[in-house]
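Readers should treat all values here as calculations from the given coordinates under stated rules, not as data from a laboratory. Just so it is clear, the structure is predicted and the values come from calculations on it, not from any experiment. Virtual Cβ from ideal backbone geometry, glycine too; neighbours counted across all protein chains shown.
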Amino acid sequence: MPDPTTHREAIGQFAASVPKVPETIEESARNALRYVLAEPSASANNVHTDPSCCPNCGAHFSSTRSPYCSPYCREVSAFVRQFRNSLAEGSILREDRQVALGQKLWHLAGGGYPLRISLISEKDKLKIIATKGGLCELCEAPAIALDNVGSG
């Protein structure tokens, strides 16, 4: 078992390295990780050992294919394992790892993958809008931006 003092030191270094006022989308992704630095709730120590319960949320369900009740619970558990592993390895102090984990947390919180949208050039964005007839697929108003373009 890793030394808790080492984890506290890594968390302190990590917290100091994350920008408080993000200026770029990468810094915003890193800043999203501040939510995992909050004090754990009392229920955070509950471990569900009943095999008919989801190990993430504790909901009762029956499945022979997965221990998780939904793909969302599976993704949340994967994020927690990745974050803990990054702390244990010390890779959490690398900016690129913070961006990757921040993106994942941003996605899990319902915000999509904003870095993927920023990687699309203006020329390609205009092509995508043109292929849809220049109209929003939901409301049929003139399209001016991309949203939910299959990035997540």
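Structure above, values below:
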| quantity | calculated |
| --- | --- |
| Length released on extending from residue 57 to residue 79, taking residue separation times 0.36 nm less the Cα-Cα span | 6.5 nm |
| Spacing of the two label points (7 Å from each Cα toward its C-beta) at residue 127 and residue 17, in nm | 3.7 nm |
| The stretch 68-112: radius of gyration and largest Cα-Cα distance (Dmax), Å | 11.0, 33 |
